[in-house]
Structure formats: C-alpha cells, structure tokens
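A.B. asks: Take a look at the following structure, please.
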Amino acid sequence: MCYNAFMENETLEAVLKASGSQLALFLTTLVFGIISIKLFIKLLKRILLISSMDNAVVRFFTHGIEIILSVLLVLYDLSLLNIPLTSMIAVISAFGVAIGLAIQDSIANVANGLIMIGTRPFKVGDYVQIGSDEGRIEELGLMNTILSTVDNKKLILPNRHVSTSRILNYNTNPIRRIDLYFSVDYETDVDKALEATKSACLSCRKVLRSPAPRIELYDMASSSLTISAWCWIDSHDYYDAFFEIKKAVWNAYKESRITIPFDQLVISERPGGTSRKRTQVVRQKSGDVVKSGETGR
C-alpha cells in the first residue's frame with residue numbers, strides 16, 4: 001500500500017508539473033495515435049484478406065497488433081508528461097498477475113483458440129460436429145467458437161471445450177459418401193430390386209458417376225431384405241442428395257411393384273367372463289400372420 005501511495009503521489013506530481021504545451025502535445029498525440037492505429041489496422045486487415053489467410057487468423061492477428069500498438073501509444077504519451085515508465089510498468093504487471101488469476105478459464109479459452117488457429121481443424125464456413133453438437137462455423141474467436149445449427153440457432157462453445165472434444169469436419173474433403181438403406185420383401189426378386197435402386201440413384205443429379213454408386217444386398221433381417229446404396233456426392237450437397245435419392249428410390253420401387261414390408265398390428269379382445277378375459281394379437285408382416293394369445297386375470 002505504501003508503494004502504491006508513493007507511485008500515485010509521484011504520478012500526480014509529474015502531471016501537475018507538466019506545462020500546457022506538454023498537455024496539448026499529450027492530447028494531440030493520443031488522438032492522432034488512436035486514429036492512426038485504426039487506419040493501419042483497417043489497411044492491414046484488407047491486405048491480409050486478399051491473401052489466402054483464414055478469416056479467423058486475420059481477426060486474431062490484427063486484434064493482437066491493435067492491442068500492442070495501443071499499449072505502446074499509452075506508454076509513450078505518459079512519457080510526454082514525465083511520468084516514470086518503470087512505475088507504470090510495475091503497476092501494469094501487478095494488475096496483469098491479479099487479472100490472470102481471476103480469469104484462468106478465459107486464458108485457457110484463449111490458449112486453446114490459438115492452438116486451433118495454428119492447427120486449423122476447421123475454418124469459417126465448414127460444417128462440423130464437435131462432441132454432440134454440430135453446425136456450420138460462423139466465427140472462430142479468441143474465447144469462443146460460434147456455430148450456426150441447421151435450424152438457424154446460434155451455438156457458442158468455449159474454445160477449451162472445442163479443443164478437448166472429438167471434431168468431425170464434413171467439409172475437409174470435396175466429396176463424401178452418403179449411405180442409405182432400403183428394406184424390401186423376402187418375396188422380391190433381389191436382382192430386380194438392385195437394378196431399380198441403382199437406376200434410381202443414377203437418375204439423381206446430385207449423385208456423382210465417378211466414383212460410381214455401389215448397390216448391394218446388405219443384410220437379411222428377420223422380416224425383410226436390406227439393400228444398401230452408397231453414393232458419392234459433393235460435400236455441400238449432402239441434404240439435397242439425401243432427400244432426392246430417397247424420393248427417387250421410392251418412385252422406382254412403386255413403378256417396379258417392389259413391396260416394402262411394414263408391420264401391422266390387429267388387437268382384438270373377447271370377453272371371458274367377469275374375472276377372465278382373453279386378448280388375441282394378430283401380427284401381420286408382408287402377408288404372414290402370426291397369432292399369439294394371452295390370458296389375464
């Protein structure tokens with residue numbers, strides 16, 4: 001406390017001793033310095049954006065330079081008033097330690113933000129899945145990563161959470177595979193179903209011809225055959241291709257009279273007296289009827 005009081009007295013004494021010309025020079029330098037820094041940062045940002053540097057890197061780099069230049073400007077202006085800089089630096093250091101202890105989590109977010117900017121697991125505009133969250137990257141800041149979900153919600157994730165989570169980037173590669181599965185009845189001609197599925201997939205504009213779609217008998221389930229359709233598409237066309245392929249396959253099955261199995265439940269109750277009743281469940285699947293009876297008290 002004595003040291004702080006001494007510094008305050010020393011600083012106040014230096015300000016009081018300053019002449020009018022020194023104060024005028026201080027204010028002039030401060031105003032023109034702030035304007036010059038703003039113009040320089042704006043020019044630097046435009047130059048960097050013309051290059052191939054990522055937008056998040058540009059924002060972080062220019063913001064850091066702006067802070068450094070602002071601190072140097074303040075120190076220089078204080079020296080014009082004959083304020084000892086060693087005392088000011090000591091004060092700034094003390095405040096820095098105190099603030100650092102108070103914002104440890106924020107510092108961790110900044111550190112992880114720097115790591116992500118350096119490693120670049122994603123960039124602005126990429127569609128990613130981070131842990132259980134997914135969306136399109138809107139902004140990569142020093143503290144947070146901002147996502148825009150498919151239903152247009154804004155999702156803000158701390159950078160320390162992002163860096164420790166599993167990151168799945170859907171836009172790293174220009175093309176990706178979409179995996180779809182369709183069920184057909186056991187009485188269906190498999191070759192006919194495979195050909196109808198392939199023709200439907202190739203009729204979609206979003207499906208790439210190279211690599212070619214792969215249509216196979218994927219599984220023989222308990223009540224149906226499963227046909228897999230693995231189609232390659234442009235990464236940004238995922239959802240459009242997803243709905244387009246499903247609609248095309250449905251129309252192809254309908255045109256080829258290929259049966260898609262589904263469950264039908266018919267529940268009937270027969271009175272069995274005041275104390276007993278019998279429930280009969282009829283389960284129909286693709287023409288097969290299975291009956292089960294249950295007696296309750």
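The values are calculated or read from the model by the stated rules, or taken from the named source; none is laboratory data. It should be emphasised that the depicted structure is a prediction, and the values quoted were computed from it without experimental measurement. Here the Cβ is made from the backbone with ideal geometry for all residues, glycine too, and neighbour counts use every protein chain on show.
A.B. asks: Does residue 293 satisfy the condition of being modelled with pLDDT under 75, over 30 Å from residue 126 (Cα atoms) and out of contact with any strand residue (DSSP E or B) (no Cβ under 7 Å at 6 or more places or on another chain)? It would help to see each step written out before you state the result.
C.D. replies: Details: modelled with pLDDT under 75: yes; over 30 Å from residue 126 (Cα atoms): yes; out of contact with any strand residue (DSSP E or B) (no Cβ under 7 Å at 6 or more places or on another chain): no.
No; evaluated as a whole, the condition is false for this residue.
A.B. asks: State yes or no: is residue 156 under 18 Å from residue 59 (Cβ atoms), surrounded by fewer than 15 Cβ atoms within 10 Å (Cβ to Cβ), under 10 Å from the mean Cα position of the chain (by Cα) and not assigned by TED's automatic domain parsing to the domain that holds residue 235? Please lay out each step first, then the result.
C.D. replies: Details: under 18 Å from residue 59 (Cβ atoms): yes; surrounded by fewer than 15 Cβ atoms within 10 Å (Cβ to Cβ): yes; under 10 Å from the mean Cα position of the chain (by Cα): yes; not assigned by TED's automatic domain parsing to the domain that holds residue 235: yes.
In short, yes.
A.B. asks: Going residue by residue through the stretch 132-151, is there one that turns out to be assigned to a strand (DSSP E or B) and more than 18 Å from the chain's Cα centre (by Cα)? Spell out the reasoning first.
C.D. replies: Narrowing the stretch 132-151 to residues assigned to a strand (DSSP E or B): 133-140, 144-148.
From the residues that got through so far, the ones that are more than 18 Å from the chain's Cα centre (by Cα) too are none.
Looking for residues that are assigned to a strand (DSSP E or B) and more than 18 Å from the chain's Cα centre (by Cα), one finds none in the stretch 132-151, hence no.
A.B. asks: Please find, within the stretch 198-230, the residue that is surrounded by the fewest Cβ atoms within 10 Å (Cβ to Cβ) out of those that are of a type in the set (A, V, I, L, M) and part of a loop (DSSP other than H, G, I, E, B). Working first, answer last.
C.D. replies: So the first thing to find is which residues in the stretch 198-230 are of a type in the set (A, V, I, L, M), and the list is 200, 202, 207-208, 212, 215, 217, 220-221, 225, 227, 229.
Add one more test, that the residue is part of a loop (DSSP other than H, G, I, E, B), and what stays is 208, 212, 221.
Values: 208: 16, 212: 14, 221: 11.
Out of the qualifying residues, it is 221.
A.B. asks: Please go through (1) in contact with a Phe, Trp or Tyr (Cβ under 6 Å, 6 or more places away or on another chain); (2) at pLDDT below 85; (3) among the charged types (D, E, K, R) for residue 120 and return the number of the only condition it doesn't satisfy.
C.D. replies: Failing condition for residue 120: (1).
A.B. asks: Another question, if that's okay. Does residue 173 satisfy the criteria of being in contact (Cβ under 8 Å) with a residue 24 or more places away in the chain and either charged (D, E, K, R) or loosely packed, with under 12 Cβ neighbours inside 10 Å (or both)? Steps first, answer last, please.
C.D. replies: Numbers: in contact (Cβ under 8 Å) with a residue 24 or more places away in the chain: yes; either charged (D, E, K, R) or loosely packed, with under 12 Cβ neighbours inside 10 Å (or both): yes.
For residue 173, the condition - in contact (Cβ under 8 Å) with a residue 24 or more places away in the chain and either charged (D, E, K, R) or loosely packed, with under 12 Cβ neighbours inside 10 Å (or both) - is met.
A.B. asks: Could you say which residue among 69, 39, 23, 44 is hydrophobic (A, V, I, L, M, F, W, C), at pLDDT 70 or above and farther than 30 Å from residue 137 by Cβ? Give the derivation first.
C.D. replies: Details: 69 fails: farther than 30 Å from residue 137 by Cβ; 39 fails: farther than 30 Å from residue 137 by Cβ; 44 fails: farther than 30 Å from residue 137 by Cβ.
The match here is 23.
A.B. asks: Let me ask something else about it. Go through (1) over 30 Å from the mean Cα position of the chain (by Cα); (2) surrounded by 16 or more Cβ atoms within 10 Å (Cβ to Cβ) for residue 195 and report which single condition fails.
C.D. replies: With respect to (1) over 30 Å from the mean Cα position of the chain (by Cα); (2) surrounded by 16 or more Cβ atoms within 10 Å (Cβ to Cβ), residue 195 is out only on (2).
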